[in-house]
1. Name the residue, out of 77, 37, 88, whose mean-square fluctuation peaks in a Gaussian network model built on the chain with Cα pairs under 10 Å.
2. With springs only between Cα atoms under 10 Å apart, run a GNM on the chain and tell me which of 96, 36, 52 wobbles the most.
3. For Kirkwood radius over Cα pairs in Å, the choices are (i) 14.1; (ii) 17.6; (iii) 15.9; which was calculated from the structure?
4. Based on the Cβ-Cβ distance from residue 21 to residue 55, what FRET efficiency comes out when R0 is 25 Å, to the nearest 0.05?
5. Angle between the Cα long axis of helix 3-24 and the longest principal axis of the chain, 0 to 90 degrees, nearest 10?
6. Among 38, 98, 79, which residue has its Cα positioned farthest towards the positive end of the charge dipole of the chain, with +1 placed on the Cβ of Lys and Arg, -1 on the Cβ of Asp and Glu, and the dipole taken about the Cα centre?
7. What percent antiparallel are the DSSP beta bridges of segment 29-124, to the nearest 5?
8. With +1 assigned to the C-beta of every Lys and Arg and -1 to the C-beta of every Asp and Glu, and no other charges, what is the dipole magnitude of the chain about the Cα centre in debye, to the nearest 20?
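Just so it is clear, none of the values below were taken in a lab; they were calculated from the coordinates. Nothing here was measured: the structure is a model prediction, and the numbers come from that model. Every residue, glycine among them, receives a Cβ derived from its backbone with ideal geometry; neighbour counts consider all protein chains shown.
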Amino acid sequence: MTTDQIIVTLGGILAIAAIAWFFWGPRRGGYRAAVTSGGYQEAMVLVKGGYTPDVIVVQHGKPVRLNFRREETAACSEMVVFGDFGKSARLPEGETVPVEFLPEKAGEYEFTCQMGMLRGKLVVE
């Protein structure tokens, strides 16, 4: 192998590792949802190249309202899916869409776009 081939190969391996870390790497501690006067645990989630915040912490047995605001035109982000709760919602660009549900059991639950490329996690304590 020539020096150029070695450099290109190493660069490709590093790019693959970076992509794998981005999609499947460890998540930060999480954002704790605020409790509103109506009794909902509520958080605003920005949808722009991913979910921000992508880890949301709530308490079990209390209703949750996650407000999604999509600020991009990518087809992948047109919908959010909470498979474990049987919930999904269309996310029109520039509009805030609430998703409400009641987490009854503690655990970690994933939410994704319809293609599974954008991912977030709901941590129920």
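1. 37
2. Looking only at 96, 36, 52, the biggest GNM fluctuation is shown by 36.
3. For Kirkwood radius over Cα pairs in Å, the calculated option is (iii).
4. Values: r = 16 Å, r/R0 = 0.64.
Once rounded, the FRET efficiency stands at 0.95.
5. So the inclination is approximately 10 degrees.
6. Projecting each Cα onto the dipole axis, the largest value belongs to 38.
7. Values: 21 of 35 bridges.
Bridges in segment 29-124 are about 60 percent antiparallel.
8. Here the chain has a charge dipole of around 240 debye.
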